[in-house]
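Q: I am attaching a structure below and will ask some questions about it afterwards.
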Amino acid sequence: MAMVAAGAAVAAALPSAAAAPASDEGGYVNSTARCPAPKSVVVFGATGNSRVAICKTPDGDFEYRGVRVSDGAKLIVPAEESTDGTFVADNGPVSYMVTAKSLVISEGSKVVREETMVDYHGPQAPAPATPTSTTPLPAPLPAEQGADDG
């Protein structure tokens, strides 16, 4: 467990600009965290410790593709999209939740580790729409129309 704590400290110390690995439209180059054809990438991201991609299969199913940077350990398992736009993949009792902000690794209801995204590619939550007023605007003020010479 000391290795986990040390890794978390490193992740927090990494500047986001320096931590972004090479990527293209399929995910991270030369990494398990990419979507090979005929799959298509939905989202992909990197933390200080991990790289992950969520792929969509031709059948419409989702797949989690993750790799631990320290030792290259790979995990490819089915994933599901939540109603809030996050993705969750289960590997036995361990769950991996991918959001625009972090990768959350849980066992049951206990969060084992939360890794902040330092690089993320994918849809963001839409900004709340500002309601448009249907009330007509008043006539412009004289200063808004320009000087009247008359």
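Each value in this text was obtained by applying a stated rule to the coordinates, not by laboratory testing. Fair warning: this is a prediction, and the values are worked out from it, not measured in the lab. Quick reminder, even Gly has a Cβ in these numbers, built from the backbone with ideal geometry, and neighbours come from all protein chains shown.
Q: Within a Cβ distance under 14 Å of Glu81, other residues only, what is the Lys/Arg minus Asp/Glu net charge? Present the calculation step by step, with values, prior to reporting the outcome.
A: Numbers: positive: Lys56; negative: Asp61, Glu63, Glu80, Asp84, Asp90.
Taking every other residue near Glu81 into account, the sum is -4.
Q: Which of Val94, Val88 comes first, and how do the rest follow, when ranked by fewest Cβ neighbours within 10 Å?
A: Numbers: Val94 14, Val88 18.
With the sparsest Cβ surroundings first, the list reads Val94, Val88.
Q: Computed over the Cα atoms of the range 14-87, what is the convex hull's projected area averaged over all directions, in nm²? Don't jump to the answer; show the numbers that get you there.
A: On the way: hull surface 21.2 nm².
Orientation-averaged projected area of the Cα hull: 5.3 nm².
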